[in-house]
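Please treat every number below as a calculation from the coordinates, not as lab data. Keep in mind it's a predicted model, so treat the numbers as computed, not measured. Backbone-built Cβ (ideal geometry, glycine too); neighbour counts: all protein chains shown.
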Amino acid sequence: MSALGWPGRRRGTHGGRARSAESSSRGLGWPADGTEAAVRSAPEPAVTTPVEEPFDEASVPDPPAAEPPAAELATAAPAGEEPPALLGEVLPTAAVPPEVAPAPYDPSVLEPADRLRAILRDDAGATAEEDLPIGKQAAAAVRATSPRGREPFPRPPSRRVITVANQKGGVGKTTTTVNLAAALALHGAKVLVIDLDPQGNCSTGLGVPHTVGTPDVYDVLIEQVPIADVVQPADGIDDLWVVPATIDLAGAEIELVSVVARESRLKRAVEAYCAGPGADVDYVLVDCPPSLGLLTVNAMVATTEVLIPIQCEYYALEGLGQLLKNIDLVQQHLNPQVHVSTILLTMYDARTKLADQVAEEVRTHFGDTVLSTRIPRSVRVSEAPGYGQSVVTYDPVSRGALAYVEAARELAVRGSA
Ligand SMILES: Nc1ncnc2c1ncn2[C@@H]1O[C@H](COP(=O)(O)OP(=O)(O)O)[C@@H](O)[C@H]1O
Ligand SMILES: [Mg+2]
């Protein structure tokens, strides 16, 4: 693999879908036709564009009169009064009221890692997220980089099969799959990742070869090759295994149409693997292509949980109704257990109001399904795949890595109850 992800092969055919004209005119991109109850009841979001005031010279206040120099101040006291001394002498340290003095550091109040967690969550101020004090970063670094400092996440009582889906391209499906898988595996879980996107970005991100000719998920779906024969260990992370995707998978969408049990090929393969060599797998994560075709349907049939990454951007919610409708259809006809278990806000930019509006809107509609950890937009996150790594291993103390570890922890804790 060359740097910057030039794969030396043509790209898959699954580019982002064109936006529908009727929905693009609405607030944050909620579909106009309202295909899902929660979506249908969405109020018109109040997106207000700040109107710039025309410049009015008359409204500019006069500049304040220049302050007299300190020496003049000292002598400018009314006659008969003691002239004030310079500032330091007037306010001796003892005069600082006790409530203003900083509270002494008490480590029993909040562990550094817990404080970091609070910062990465919604309830902390957005500005705090921007500047992590160096002490907190150092504490987090120790935990993130030293295996002894890594407390294992709770393991699920039974295997969790999670599909990461959103038919919009570029919302962070692959990045989320790669980094949650890496974080879970680094914290004691055994994880199988299935790359179901012909672009093979997930395979790249986990350092797994996926050039043409590599046995891949196409062979599993079309040729019914066992997963055990195509699975590869992720580069540099124990207990993380990957079923890669090559460009061959681009044809599978059409080839699947005419095969027997076309919607449940993946389900059967995963069940067979988990009944044999993969018996101790805790999590199976499936990275979907940006479409709602047969590959995504196979993923929905194979799993119980759907995780939807939502980008904190203007069109983030467009098409979500269609995705939810499809999940409903699969639930009714093919897999009664499938449901949206988790929503993760990605590419959150604390500097924009829009990111907050999207986050608020999503929380209003999906409530507790939304993880409280948001993934910040971070250059480190986008650099990591160029090195065939997750950001969690590439730069474990970057904000993006810490946020993904937190999101993985939340996912694990929620599923352990
Ligand atoms: N938190 C983030 N900060 C910065 N860039 C990101 C972040 N998450 C994803 N990206 C970048 O955005 C692009 C699309 O992400 P990707 O995970 O491939 O989306 P999808 O799989 O939904 O198409 C990639 O170039 C990725 O590196
Ligand atoms: Mg992807």
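If you count, for each residue, the other Cβ atoms within 10 Å and average over each peptide, how do 332-339, 160-167, 198-205 line up from highest to lowest? The partial results should precede the final answer.
Numbers: 332-339: 13.5, 160-167: 25.0, 198-205: 27.2.
Highest mean packing first, the order is 198-205, 160-167, 332-339.
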(message) Please arrange VAL405, VAL225, VAL281 by how many other C-beta atoms lie within 10 Å of their C-beta, fewest to most.
(response) VAL225, VAL281, VAL405
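Neighbour counts of other C-beta atoms within 10 Å: give me TYR315, TYR283 arranged from fewest to most.
Numbers: TYR315 16, TYR283 25.
In increasing order of surrounding Cβ atoms, one gets TYR315, TYR283.
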(message) A 27 angstrom limit on the alpha carbon distance is what I want to check against. Which of LYS190/LYS353; LYS168/LYS190; LYS173/LYS353; LYS325/LYS353 exceed it?
(response) LYS190/LYS353; LYS168/LYS190; LYS325/LYS353
(request) Give the long-range amide H neighbours of VAL161: residues separated by 5 or more places, or on another chain, with amide H under 5 Å away, using H modelled in the peptide plane at 1.01 Å from N. (result) VAL284, THR304, GLU305
(request) In nm, give the distance between the simple-model label positions of ALA275 and GLU360, each being 7 Å from the Cα along the Cα-to-Cβ direction. (result) 5.2 nm
(request) Starting with the fewest neighbours, write out LEU317, LEU256, LEU266 ranked by other beta-carbon atoms found within 10 Å of each beta-carbon. (result) LEU256, LEU317, LEU266
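Net charge around VAL225, counting only other residues with Cβ within less than 13 Å of its Cβ (Lys, Arg = +1; Asp, Glu = -1)? Write down the numbers at each step before the final one.
Details: positive: ARG265, ARG268; negative: ASP216, ASP219, GLU223, ASP229, ASP248.
Local net charge: -3.
Around ALA183, under 9 Å between beta carbons, what's the net of Lys plus Arg minus Asp minus Glu among the other residues? Mind dumping the intermediate values first?
Details: positive: ARG409; negative: GLU406.
Result for the neighbourhood of ALA183: 0.
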(message) Based on the alpha carbons, how large is the Rg to Rh ratio for segment 153-416 when Rh follows Kirkwood?
(response) 0.94
(message) Just to confirm a number: summing +1 for Lys and Arg and -1 for Asp and Glu over residues other than THR342 whose beta-carbon lies under 12 angstrom from that of THR342, what do you get?
(response) -1
